[in-house]
Amino acid sequence: MTHPGGYLDSSSSEPLHPAARESLIAALDRGYADPRRLHKAARDARLLLDNARAVVAECLEVRADEVTFTSSGTDAVHRGLLGLVRARRSRGDVILHSEVEHSAVRHAAAWGGRPRLVGAMGDGRVYDGDLVENATADVAVCALQSANHEVGTVQPVGEFRLPNDVPLFVDACASMGRLPLPRGWDALAGSAHKWGGPAGVGVLVVRRGARWESPFPEDDRVDHRGSGFENVPAALAAAAALQAVVSERAETSARHHALIDRVRAAAAAVPDTEVVGDPVDRLPHLVTFSCLYVNGEALVTELDRRGFGVASGSACTASSLEPSHVLAAMGALTHGNVRVSLTRETTRAQVDALCAVLPEVVAGLRS
């Protein structure tokens, strides 16, 4: 019998997909060697790495030579964004980005350039006119997420037409595998543990022909965009998981949309509770709501006691439970918030159990 509770924090990390586990175990005995050497063990490792890159490229509908494996999604974000900036240092170092970007983008922009921020609307969407107006000739790069990590709102990336040949960097860590990639970008980043691959594998995609230079000290690896010795077994496992989730995407997305609609309705029925993010144009597996007069840490703790693993606070600083900069930018409640994100194995019974216990938990904390 399935436990009525469950792990509902896949936006932090999805449990390892069975396809990833199988590939990882099989590759451990063959993928240990340095893929750039010439002996047989190295050629075996190179074959596995090339296969992983080809599978990821096919899943994302990009070229294999545009794909690089990095040490994490954060590393992919830093390399992708700052590499575009470095290639355009002659025109300036302004990095245009929205107020609802993930901290990986925000910190990279502050470290490697001069950030110029644009706001977001109440549903978390960025108004394209604001980006266009601010994409002046001194802007080195514009950064815009494909979907928000905290509230799930999908950004209309493919609809933006930036002036002055400003390149576009897209943080796709929250959506890669769950949604098709948008169009119109120059570099893009993803994170394997978000789709059921192993942690410690990021994906950087740089369009062929895009101007990109390494922003960090050079390495003599074959792929100069990477971050050192590739974890070949993990890269192969990440590719296997991505292939599996893309093949399952239509069915999983439809099921998740229906389940999240139930959570949204249950949360909205709790007095003084605000459900945030776009109700339709969103990631299928995620919902965030904020409860007035409730401490977010206490709410997470009480739900955990009932067997439900959920998140609170900013998606990037939840361990310290700092108020979410995303919710603040949207004008939403920044305290008492909960993010529920379903795994591929989440059941209707688990969702119904959460919906049933939520009013009782909130009322108990308020009392």
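The values are calculated or read from the model by the stated rules, or taken from the named source; none is laboratory data. Just so you know, these numbers come straight off a predicted model, no measurement behind them. Reconstructed Cβ throughout: ideal geometry from the backbone, glycine too, with neighbour counts over all protein chains shown.
Details
- All conditions in (1) within 26 Å of Pro180 (Cβ to Cβ); (2) among the acidic types (Asp, Glu); (3) free of Cβ contacts under 8 Å to residues at least 60 places away in the same chain; (4) not in a helix (DSSP H, G or I) hold for Glu274, with the sole exception of (1).
- Output for the stretch 240-288, where each listed residue is among the small types (Gly, Ala, Ser) and farther than 21 Å from Glu345 by Cβ: Ala265, Ala267, Ala268, Ala269, Gly277
- Condition check for Gly129: outside the structural domain of Pro279 (by TED's automatic domain parsing) and over 28 Å from His285 (Cα atoms): yes
- Residues that are farther than 30 Å from His325 by Cα and of a type in the set (Val, Ile, Thr) number at least 2 in the following helices (runs of 4 or more DSSP H) confined to the stretch 17-111: 40-60.
This table checks each residue for (1) over 27 Å from Asn148 (Cα atoms); (2) buried (at least 20 other Cβ atoms within 10 Å of the Cβ).
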position	(1), (2)
Glu14	no, yes
Ala27	yes, yes
Gly31	yes, yes
Ala54	yes, no
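- Tally, over the stretch 334-348, of residues that are part of a loop (DSSP other than H, G, I, E, B) and either more than 19 Å from Ser312 (Cα to Cα) or touching a residue at least 60 places away in the same chain (Cβ under 8 Å) (or both): 6
- Within the stretch 220-251, the set of residues being of a type in the set (Val, Ile, Thr), within 17 Å of Leu48 (Cα to Cα) and either assigned to a helix (DSSP H, G or I) or touching an Asp or Glu at 6+ places or on another chain (Cβ under 6 Å) (or both) comprises just one member, Val232.
- If the condition is being part of a loop (DSSP other than H, G, I, E, B) and farther than 17 Å from Asn134 by Cα, then the stretch 159-182 contributes Ala172, Cys173, Ala174, Ser175, Gly177, Arg178, Pro180, Leu181, Pro182.
- Residue within the stretch 138-158 that is over 27 Å from Ala241 (Cβ atoms), modelled with pLDDT under 95 and not in a loop (DSSP other than H, G, I, E, B) present: no
- Verdict on Ala254 being assigned by TED's automatic domain parsing to the domain that holds Pro180, over 18 Å from Ala356 (Cα atoms) and part of a helix (DSSP H, G or I): no
- Looking only at the stretch 89-120, and only at residues there that are basic (Lys, Arg) and modelled with pLDDT of 95 or more, the one that is surrounded by the fewest Cβ atoms within 10 Å (Cβ to Cβ): Arg114
- Residue check for His193: part of a helix (DSSP H, G or I) and either under 17 Å from the mean Cα position of the chain (by Cα) or crowded, with 24+ Cβ neighbours inside 10 Å (or both): yes
- Residue in the stretch 148-169 that is small (Gly, Ala, Ser), touching a residue at least 24 places away in the same chain (Cβ under 8 Å), over 28 Å from Gly331 (Cα atoms) and buried (at least 19 other Cβ atoms within 10 Å of the Cβ) present: no
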